[in-house]
1. Tell me, please, whether a residue that is more than 20 Å from the chain's Cα centre (by Cα), modelled with pLDDT under 90 and open to solvent by less than 40 Å² (accessible area, probe 1.4 Å) can be found in region 159-173.
2. Please count how many residues of region 84-118 are of a type outside the set (A, V, I, L, M), modelled with pLDDT of 95 or more, outside any strand (DSSP E or B) and closer than 20 Å to residue 169 by Cβ.
3. Yes or no: residue 72 open to solvent by 30 Å² or more (accessible area, probe 1.4 Å) and either modelled with pLDDT under 95 or touching a Leu at 6+ places or on another chain (Cβ under 8 Å) (or both)?
4. Quick test for you: out of 176, 198, pick the one residue that is in contact with a Gly (Cβ under 9 Å, 6 or more places away or on another chain) and either open to solvent by 30 Å² or more (accessible area, probe 1.4 Å) or more than 28 Å from residue 99 (Cβ to Cβ) (or both).
5. Could we say that residue 27 is surrounded by fewer than 23 Cβ atoms within 10 Å (Cβ to Cβ), among the hydroxyl-bearing types (Ser, Thr, Tyr), modelled with pLDDT under 95 and more than 25 Å from residue 177 (Cβ to Cβ) here?
6. Give the number of residues within region 173-195 that are of a type in the set (Val, Ile, Thr) and farther than 13 Å from residue 56 by Cβ.
7. Among the residues of region 145-201, write down those that are in contact (Cβ under 8 Å) with a residue 12 or more places away in the chain, within 25 Å of residue 33 (Cα to Cα) and in a helix (DSSP H, G or I).
8. Within region 23-80, how many residues turn out to be under 21 Å from the mean Cα position of the chain (by Cα) and not β-branched (Val, Ile, Thr)?
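The values are calculated or read from the model by the stated rules, or taken from the named source; none is laboratory data. Keep in mind that what you see is a predicted model, and the values were worked out from it rather than measured. Ideal geometry is used to build each Cβ from the backbone, glycine not excepted, and the neighbour counts take in all protein chains shown. Side chains included, ligands, DNA and RNA excluded: accessible areas come from the protein's heavy atoms. Shrake-Rupley method; radii C 1.70, N 1.55, O 1.52, S 1.80 Å.
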Amino acid sequence: MLERMAAALGALWLAGCASTQIDAQWTNPDYSGRSLRGAPVLVACEAQEPTLQRICEDQVAAQIAALGGIPTRATQLVGADVAPTAGTDPYLAAARRIGARAIVRTTLTTGAIVAAPSGPTIGIGIGGGSGSVGGFGGFSFPVGGTRVSNAYASETAMIDPANGAIMWSARASSSAGQDTTAQIAELARIAAAAIKQAGFF
């Protein structure tokens, strides 16, 4: 039974090794041809932990800067108007205050949790018998415990601060791994590539 469990854990580990990709995206036709090159952009990330939020903002801001935008992180705006107002995006007032022409808001979530043995597997066989009756058996178990890795996903929306309309949005997912920063960086990179492909930079 332990051998089957180890095999199942290994299969789950392999299943989590897909590459980071855009799962779906949408572009508002009303904003076709709008360029944000050289324009101020408010970058905001929402995550379950402050550390992940800051990592996300840093990575997304770096990508926006590389595209030619001028990013401002929402966490830099201490005391800014970022409290949610009914029916509006919570970052609209802050974006207007700094003159941003777009808000890039990313929501980071945890997707699949993948477990796999973190060490080698030891097998023990037992054999024996007498007369015309014989038998054998065995079992195996992982040494070193189980390694658990998270696969993260992101939902990114580009919002017009003037009216709160969504200009562009996409959902991306990453492969499972233990380097969370690398996963978030890859999610930011692939989202930025999709924004550029959509013609905003």
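1. Just the residues of region 159-173 that are more than 20 Å from the chain's Cα centre (by Cα), to begin with: 160-167.
Retained after the next criterion (residues that are modelled with pLDDT under 90): none.
Taking every residue of region 159-173 in turn, none turns out to be more than 20 Å from the chain's Cα centre (by Cα), modelled with pLDDT under 90 and open to solvent by less than 40 Å² (accessible area, probe 1.4 Å).
2. 1
3. Against the criterion (open to solvent by 30 Å² or more (accessible area, probe 1.4 Å) and either modelled with pLDDT under 95 or touching a Leu at 6+ places or on another chain (Cβ under 8 Å) (or both)), residue 72 qualifies.
4. 176
5. Against the criterion (surrounded by fewer than 23 Cβ atoms within 10 Å (Cβ to Cβ), among the hydroxyl-bearing types (Ser, Thr, Tyr), modelled with pLDDT under 95 and more than 25 Å from residue 177 (Cβ to Cβ)), residue 27 does not qualify.
6. Filtering region 173-195 for residues of a type in the set (Val, Ile, Thr) gives 180-181, 184, 190, 195.
Narrowing the set further to residues that are farther than 13 Å from residue 56 by Cβ leaves 190, 195.
The qualifying residues number 2.
7. Correct list: 187, 188, 189, 190, 191, 192, 194, 195, 196.
8. Final tally of qualifying residues: 28.
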